Amino acid sequence: MGKPMFLRSEKRPSWLKVRFETNDAFREVSAAIGGDRLHTVCEEARCPNRHECWGSGTATFLILGGICTRACGFCAVTSGRPAALDPEEPSAVAEAVARLRLRFAVITSVDRDDLPDLGAGAFAETVRRVRERNLGCEVEVLVPDFDGREDLLRAVVEADPLVVGHNVEVVKRLYPKIRFRHAYERSLGVLRTAARIKSPRQIVKSGLMVGLGEEEGEVDELLGDLAGAGARAVTIGQYLQPTKKHHPVVRFIPPETFERWRNLAIDLGFVHAESGPLVRSSYRAERIVETLLRKRA
């Protein structure tokens, strides 16, 4: 298969059109986040599902500040020199979860290569605070690669989030072009380590975007790599170019292709797979609890 051509048209197909609605739940989430000066990946990454998730009372908290020390070609989060950590941030996230009465909280972060522990300590502390303040609330974390250091990943895993996530984001061939300071094998190593050190109740998750120029069969190969690394939950979604300075969309993937990938993931042994044009790594993340309960019943 030849090199794909970039699509210069900004027109999106019908299956990528989102209807925005603002209800009381949306306003409640917005107020809780704004009042605590918290960041969410919903806003920072310009997620197309923000109104749906906030409207159902769900949000993904972005900790360690709002400035990332890396600059991936697909990501809308601001990159640059971050400010010092806010020592009250873990408690603020826990209080926001309590006010919103969440039963499932998702916590992710920017990369913080400027910190000695790369942010692992703040991650672990946030998980502990959320669980202590919100009995019965399950937590999903979506962590950076921590430079592949097992000690840092272990600190987060031992804080006992139900879901330990780390996204590969794109197929292996596109890493040098799009993920710059990341490495495909290092990301797979994070997943392998998480699968090895996790408790029986925990599950390892990863996610990827498509439409950035991957070729036929590369997504299938990536799913096989994720399964081999021990991931048992996966998300697959269409990449949408956040600004003209970011990597362009090469093609829009039709819904039936996403369904094929979802079926392949299940065949490969994944117990939970969300695959669709508007799926993002934390989209309807609470569904994994239902999946695990059915599996263990």
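The values are calculated or read from the model by the stated rules, or taken from the named source; none is laboratory data. Predicted model, so just to flag it, every value in this text is computed and none were measured. Reconstructed Cβ throughout: ideal geometry from the backbone, glycine too, with neighbour counts over all protein chains shown.
Being touching a Leu at 6+ places or on another chain (Cβ under 9 Å) and either modelled with pLDDT of 90 or more or acidic (Asp, Glu) (or both) is true for just one of GLU88, GLU125, GLU132, GLU43. Which residue is that? Spell out how you get there, then give the answer.
On the way: GLU88 fails: touching a Leu at 6+ places or on another chain (Cβ under 9 Å); GLU125 fails: touching a Leu at 6+ places or on another chain (Cβ under 9 Å); GLU132 fails: touching a Leu at 6+ places or on another chain (Cβ under 9 Å).
So the residue among GLU88, GLU125, GLU132, GLU43 that is touching a Leu at 6+ places or on another chain (Cβ under 9 Å) and either modelled with pLDDT of 90 or more or acidic (Asp, Glu) (or both) is GLU43.
Just for region 258-288: of the residues that are touching a residue at least 24 places away in the same chain (Cβ under 8 Å) and more than 20 Å from the chain's Cα centre (by Cα), which one is nearest to GLU216 (Cα to Cα)?
That would be LEU264.
Looking at region 211-231, I want the residues that are over 13 Å from ASP267 (Cα atoms) and of a type in the set (Ser, Thr, Tyr) and have a partner that is at pLDDT 95 or above and crowded, with 22+ Cβ neighbours inside 10 Å with Cβ atoms under 8 Å, at least 6 apart or on another chain. Which pairs are those?
none
For region 171-190, give me each residue that is modelled with pLDDT of 95 or more and either under 23 Å from THR60 (Cα atoms) or outside any helix (DSSP H, G or I) (or both).
VAL171, SER187, VAL190
Give me the pairs: first residue in region 138-159 and under 16 Å from PRO116 (Cα atoms), second residue in a helix (DSSP H, G or I) and of a type in the set (Lys, Arg), beta-carbon distance under 7 Å, and six or more apart or on different chains, which are they?
ASP145/ARG186; GLY148/ARG186
Here are ALA83, ALA92, ALA105, ALA122: which of them is within 21 Å of SER206 (Cβ to Cβ), in contact (Cβ under 8 Å) with a residue 12 or more places away in the chain and of a type outside the set (S, T, N, Q)?
ALA105
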